[in-house]
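Only one structure is covered here, and it is reproduced in the block below.
The values are calculated or read from the model by the stated rules, or taken from the named source; none is laboratory data. Just so it is clear, the model here is predicted, and its values are computed rather than measured. Here the Cβ positions follow ideal geometry from the backbone for every residue, glycine too, while neighbour counts run over all protein chains shown. In case anyone asks, the SASA skips ligands and DNA or RNA and just uses the protein heavy atoms, side chains included. Shrake-Rupley method; radii C 1.70, N 1.55, O 1.52, S 1.80 Å.
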Amino acid sequence: SAYFLEKTGTFFNDSQKRFINEDLSQKYLVWLQGESDIGFSTIEYKTMLEVFWKKCKELGFTKFLCIRVGYFGCDEIVNIMKAQEEFCNETPDAYMMTRAYSLMPYAGQEQSEWFSEIPTDEYQYCRDSFYGFTNQHINEKGHLLLAKRLAENLHRMIYMNKEPLLESELVKMLL
């Protein structure tokens, strides 16, 4: 974290010097992380987000934009999803931007055990496992879908001054 704080501070200072006539007052942090933290409880992960966001605000970030993690091999990822949702709901200037990753089933997944209803066709085949690979990574189709959702919601926030429009919650354990 010290490295991140140092490099970000330097970048912001350099930007102010190079773009003197530009309004750089809004600094958005896009957060996509958590799959490797499945050992943490909801409370622990949310506390880590709170500490991290406090340090980021000290650097000058003004908005925390969260991309909710998806399913990656075990049900405990729900703790991270829940923490991210709670953090964004409870923290001023923190926004859930998309739930798209958590709507992308993997090959062989018993969808009725995870989802309250089967995600629409656009979320199908968004993982490498559908194409013969032995991993559950999100593929190009999935990343493009996520980028589209993120861009739409960024446009809503920046240019329309509106809240993000989120996908319906389909993860049973979060309903």
**Report entry** Any chance Ala147 is open to solvent by 20 Å² or more (accessible area, probe 1.4 Å) and over 21 Å from Phe64 (Cβ atoms)
**Finding:** no
Query - Selection from the range 120-143 of residues that are under 10 Å from Ala107 (Cα atoms), open to solvent by 40 Å² or more (accessible area, probe 1.4 Å) and within 17 Å of the chain's Cα centre (by Cα) - result: none
Report summary line: Scanning the range 88-113 residue by residue, those among the aromatic types (Phe, Trp, Tyr), at pLDDT 95 or above and surrounded by fewer than 23 Cβ atoms within 10 Å (Cβ to Cβ) turn out to be Tyr95
Query raised in the report: When you look at Glu152, is it assigned to a helix (DSSP H, G or I), touching a Leu at 6+ places or on another chain (Cβ under 9 Å) and open to solvent by 30 Å² or more (accessible area, probe 1.4 Å), yes or no?
Result: yes
Report task. Pull up the range 18-49, narrow it to residues that are outside any loop (DSSP other than H, G, I, E, B), modelled with pLDDT of 95 or more and open to solvent by 60 Å² or more (accessible area, probe 1.4 Å), then point me to the one that is nearest to Leu146 (Cα to Cα). Result -> Val30
Requested in this report: Give the number of residues within the range 72-108 that are assigned to a loop (DSSP other than H, G, I, E, B) and aromatic (Phe, Trp, Tyr).
Outcome: 2
Query - Ala107 being under 21 Å from Tyr28 (Cβ atoms) and either over 18 Å from the mean Cα position of the chain (by Cα) or small (Gly, Ala, Ser) (or both) - result: no
Requested in this report: Return only the number of the condition from (1) farther than 20 Å from Lys46 by Cα; (2) without any contact (Cβ under 8 Å) to a residue 24 or more places away in the chain that Leu103 does not satisfy.
Outcome: (2)
